[in-house]
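Everything on this sheet refers to the single structure shown next.
Each reported figure results from applying straightforward, stated rules to the coordinates on display, with no laboratory input. Just so it is clear, the structure is predicted and the values come from calculations on it, not from any experiment. Cβ atoms come from the backbone with ideal geometry, glycine included; neighbour counts cover every protein chain shown.
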Amino acid sequence: MKKIIYIAWVFASGLIMTSCVNDLNTTPLDEKVLTVDQFYKTDSSYMQALAKCYAGLSLTGQQGPSGNSDITAPDEGQYQYIRAYWNLQELPTDEAIVGWNDPGLPDINTLNWASDNGFVYALYSRIYFQIAQCNEFLRQTTDAKLTERGITGTVRTKMPQYRAEVRFLRDLSYWHAIDLFGDIPFVTEDDAIGTVPTQKARKDVFDYLVKDLKDIETNNLLTNNAEYPRVGLEAVQTLIARLYLNAEVYTGTAHWEDCKTYCAKVIATKGGSPSGGLAIEYKYLFGGDNDKYARGGSEGEIIFTIAYDYDHTQGYGGTMYLTAGAYGGKMQQANYGATSSWGGIRTKPQLIDNFNAGDSRYLFYDSGNKENTNMSLFTDGFGCIKYTNLLSTDWANTAKRAKAFPDTDFPVFRLADVYLMYAEAAVRSNANKDIALQYINLIRERANLSDFSSSDLTLDNILKERGREFYWEGQRRTDLIRFGKFTGDSYLWSWKGGVIVGKAIDSKYRLYPIPAKDIAANPNLKQNPGYN
């Protein structure tokens, strides 16, 4: 079996966790309600709880594809972690647009959201549900708790590793939170259940995350090439590098040398083959057997992924959204190994125009009109076929494979990103640019493009290269903010500011608002500037 089987855990919802907003409630799997101590009596309970911490990134509730949701939601699929994250990271940028008119969704397309936006609330809710799950696991797995319950054997021996995995998962969500919301409510396992969260400055959370991740690294709590799709040391080091890459945005102080240092650690582990550790075929990284490109070996490019599997992780978010949601018009979903087409998300013309002829990363469907003249019309804009359910062993799909839900995993960190992070940090620090040039050319060679020369190694070209390499991977908003292109009028794209030719927008949109529901529920919170 290629995936972890995600097993739901069962608690009394009042005992399991608290949230930042009053109406985030857990739902028990069945009518039998267990106390925490009743649940944690056996070794298998700890593995179920660990699995649920991973499943918080891929699933939405206690059954799939929907029903019995973890949290109260008007549309369970919209509240899936990766779908909600992807919407806020891609739809306000030059890469994607969605044609649906759900209340609040057009405002994400046009960068005109407010504190009551339901799609902002969806991600905020999911982030803090995930953090709460991780905190509860850490509360229940201390040495004192394990001794009290008489837990011994393999689970007891492995618990430092399990706790490190969960700390990483929590740190990942807290990174998402500071990136999107700035100063945020902050709670750890040291805070009692029911504690009203205080707001922690973005810089302070950044410092906490770096310290926590380095503690995992230096204490050898995780190893490289972990069991798929669990967290390995390379994922920890990549997240540290990503934090350092954006440190100037988060803290006001750049950390380019630190970013290069951590990129170099990952590259030393993953980049030793003639291909630099990159998968030979870019498109295979986003197909139905892309787990093959995440393990050790010459093409183990994917460093950390959120796993999906037709038999065990069905839902209406994640790569289901990025496959079925991206198919429509004259596109034949069966050509991509799928059975559904929702006619929702498609590209903006600026993404198409960023590509040169012959680039193997150009994975789009020509609808006949690349312009988004009608924001609500799916065929106004090219389709994107980057994510499919095709197998690398039968890309032409001669076997006519088509599934209702994809087996395609969502890559969170890839080695190509580490190479480009190093290149950007080298250019910004004006040091090690010869190494940076080698790294960026590994990526361009994989794309069947000519090498960059030293004169091509500019920040503008690196941003364009990131757009070609990582489009639709949930990175674009963060990149545009770091490069100073997201707000203002230095770079315009379709529907920026609500007009088809684009216009400047207020700098407040570099952060999303803390949802109004949480502001009302928690007197400790202060709203981001410019929002009510």
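Structure above, values below:
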{"quantity": "Residue within the stretch 133-144 that is of a type in the set (Phe, Trp, Tyr) and either touching a strand residue (DSSP E or B) at 6+ places or on another chain (Cβ under 7 Å) or farther than 25 Å from Thr195 by Cα (or both) present", "calculated": "no"}
{"quantity": "So Thr60, is it over 30 Å from Glu371 (Cα atoms) and either surrounded by fewer than 23 Cβ atoms within 10 Å (Cβ to Cβ) or in contact with a Pro (Cβ under 7 Å, 6 or more places away or on another chain) (or both)", "calculated": "no"}
{"quantity": "Of all residues in the stretch 326-363 being in a helix (DSSP H, G or I) and without any contact (Cβ under 8 Å) to a residue 40 or more places away in the chain, the one that is surrounded by the most Cβ atoms within 10 Å (Cβ to Cβ)", "calculated": "Ile352"}
{"quantity": "Answer from Tyr321, Tyr310 - the residue that is in a helix (DSSP H, G or I), among the hydroxyl-bearing types (Ser, Thr, Tyr) and either out of contact with any Gly (no Cβ under 7 Å at 6 or more places or on another chain) or surrounded by fewer than 24 Cβ atoms within 10 Å (Cβ to Cβ) (or both)", "calculated": "Tyr321"}
{"quantity": "Hey, Leu377 surrounded by fewer than 18 Cβ atoms within 10 Å (Cβ to Cβ) and not acidic (Asp, Glu) or not", "calculated": "yes"}
{"quantity": "Any hit, the stretch 155-168, residues being touching a residue at least 24 places away in the same chain (Cβ under 8 Å) and not in a helix (DSSP H, G or I)", "calculated": "no"}
